[in-house]
Amino acid sequence: MKNLLLLSILAGLALCCAADELPELGDSSQQAMSPQQERALGESIMLQIRADKDYVDDPEISDYLAEIGNRLVAVTVDARQPFEFFAVADPSINAFALPGGFVGVHSGLMLMAQTESELASVLAHEVSHVTQRHLARMIAAQQRAGIASMAALAIAILAARSNSDASAAAIAAAQAGAIQSQLNFTREHEREADRIGLQTLEKSGFDVHAMPTFFERLQKSTRVYDTNAPSYLRTHPLTFERIADIQNRVDKTPFRLVPDSLDFHLVRAKLKAMDGRPRDAVDYFETIFREKRYSSEAAARYGLALSQLRAGNLAQAKIEGNALANLPDRHPMIDALLADIRSQSGDAKGALALYESSLRKYPGKRALVAGYATALLTSGRPLDAAEFLRVKIENGMGDARNYELQARSYAAAGKRLAQHHALAEALVLKGNLSAAVEQLQLAAASKDGDFYQRSIVESRLRELRARDLEEKKKAKQQQ
């Protein structure tokens with residue numbers, strides 16, 4: 001993921017951030033990328049990140065990060081763009097903000113955070129980087145030095161998350177003087193992100209004392225001190241001075257206990273259960289149960305059941321699932337796991353009933369929607385699955401996963417036009433317009449579908465052909 005991010009940033013900068021495209025804002029000495037250019041750059045990087053194996057394409061984890069992140073964004077005055085929060089399967093302890101409102105969190109950081117407020121403090125800091133347009137301002141400050149220097153600066157700020165050979169070589173080959181001249185600028189950004197992040201944290205109801213607590217533990221665990229390495233080799237220079245400044249800001253704020261949500265514990269349990277070898281995950285959860293080292297029994301048992309299921313121990317997963325079902329802390333993530341266990345046990349009817357019951361309480365949970373549609377499909381009810389997904393998509397749940405499930409449902413029902421049309425929409429959301437055009441061509445050439453459906457496909461095909469052609473022209477001009 002680290003090397004991919006390096007290449008993505010370089011490509012994105014080359015396509016989106018040429019010096020002659022940057023508009024002038026304010027006086028002649030201050031130039032920056034427009035919000036549209038920031039979003040385009042962020043999207044270009046995200047296309048590569050989403051295609052990487054380390055991108056966590058899990059609706060429950062993504063939805064949880066979105067809930068926490070959007071809670072912070074809702075009280076942020078300067079939030080003028082949509083945000084997308086996502087996880088990366090990476091054991092290192094880090095988080096990063098990309099231009100345009102994209103915020104990534106490493107799984108290692110989510111597992112290290114001991115409270116929900118600690119996790120929220122990191123997200124608040126990253127949101128502040130976006131709302132204050134720090135990366136855009138740094139890139140703009142380097143535009144006179146050309147694309148090479150801007151790319152080097154972006155690598156130093158965003159991608160040097162370890163001392164990997166690729167990162168070190170890329171930075172060493174860049175114009176070090178141009179990066180060095182921005183050191184004070186990036187340190188000022190960190191202080192500004194801390195200050196605004198603390199305000200956001202307090203307004204959204206989290207514990208502000210969590211920020212210095214987490215940063216102190218992070219510093220001790222990573223051994224990143226002032227004299228350890230040049231600051232430009234670290235994405236977020238973490239100094240004693242910076243931690244002391246944060247601590248001084250929160251000292252006058254009364255401590256208040258902010259309980260963690262069950263979501264926080266369940267998501268962390270899921271990350272742990274899905275990490276590494278299944279047997280190791282089973283051993284971990286069995287150990288914490290034996291030693292009673294858990295903050296939430298429901299989350300610990302959830303992690304054990306999921307680990308057993310992942311390890312292929314269906315009988316043990318059913319035992320843990322039955323224990324989960326008897327706990328008072330029922331949750332949509334628990335319901336989804338119990339339904340999956342029933343489905344893999346051959347109890348299709350029981351799985352469908354559990355999905356239906358949980359969806360009545362949590363109709364907007366994407367994992368339940370996808371699980372129910374899959375259960376309908378595997379139960380030999382593809383048309384019911386397709387119709388269920390059609391309603392969900394029309395009601396605002398038109399993500400790539402649902403369109404792909406809809407395509408599978410239509411394929412199982414022998415509806416080729418609808419199958420290719422749904423797959424085309426999934427490809428559009430993934431940024432692959434050329435492949436989407438090909439799917440719509442297949443849809444238009446199919447023999448099924450009524451006049452209304454064919455008209456929709458032909459109209460969409462004309463639209464996407466034009467968009468695809470325009471994007472290819474822009475790419476060719478920028479080469």
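Just so it is clear, none of the values below were taken in a lab; they were calculated from the coordinates. Everything numeric in this text was worked out from a predicted model, so none of it was measured. Here the Cβ positions follow ideal geometry from the backbone for every residue, glycine too, while neighbour counts run over all protein chains shown.
Between Asn322 and Lys474, what is the FRET efficiency for a Förster distance of 45 Å, r being their Cβ-Cβ separation, to the nearest 0.05? The calculated FRET efficiency here is 0.20.
Computing FRET efficiency as 1/(1 + (r/R0)^6) for Lys349 and Leu383, where r is the C-beta to C-beta distance and R0 is 22 Å, gives about 0.75.
State the dimensionless ratio Rg/Rh of the stretch 262-329 (Rg: radius of gyration of Cα atoms; Rh: Kirkwood radius). Don't skip to the end; give the middle numbers.
Values: Rg = 10.7 Å, Rh = 11.5 Å.
Rounded to two decimals, Rg over Rh is 0.93.
Each residue, Leu314 and Asp57, gets one label point 7 Å from its Cα in the Cβ direction; the gap between the two is 2.6 nm.
Treat the stretch 346-413 as a sphere of radius equal to its Kirkwood radius over Cα pairs and apply Stokes-Einstein at 20 °C in a medium of 1.002 mPa s; give the translational diffusion coefficient in µm²/s, rounded to a whole number.
Working: Rh = 11.7 Å.
Rounded, D is 183 µm²/s.
Of all aspartates and glutamates in the structure, the ones whose alpha carbon falls short of 20 Å from that of Lys53, not counting any fewer than 8 places away in one chain, are Glu43, Asp63, Glu84, Asp90, Asp275, Asp399, Glu404.
Loop-located GluC sites (Glu not before Pro) across the stretch 255-345 with a Cβ neighbour count of 15 or fewer within 10 Å are Glu291, with loop assigned by DSSP.
So what's the gap between the Cα centers of the stretch 72-88 and the stretch 357-373, to the nearest angstrom? Here the two parts' Cα centres lie 25 Å apart.
Full extension of the chain between Ala445 and Arg293 yields a length gain of 48.7 nm, computed as 0.36 nm times the residue separation minus the alpha carbon distance. Counting only Cβ charges, +1 for Lys and Arg and -1 for Asp and Glu, the dipole size of the stretch 367-438 around its Cα centre is about 140 debye.
Counting only Cα atoms, the stretch 426-471 measures 31, 16, 15 Å along its principal axes, largest extent leading.
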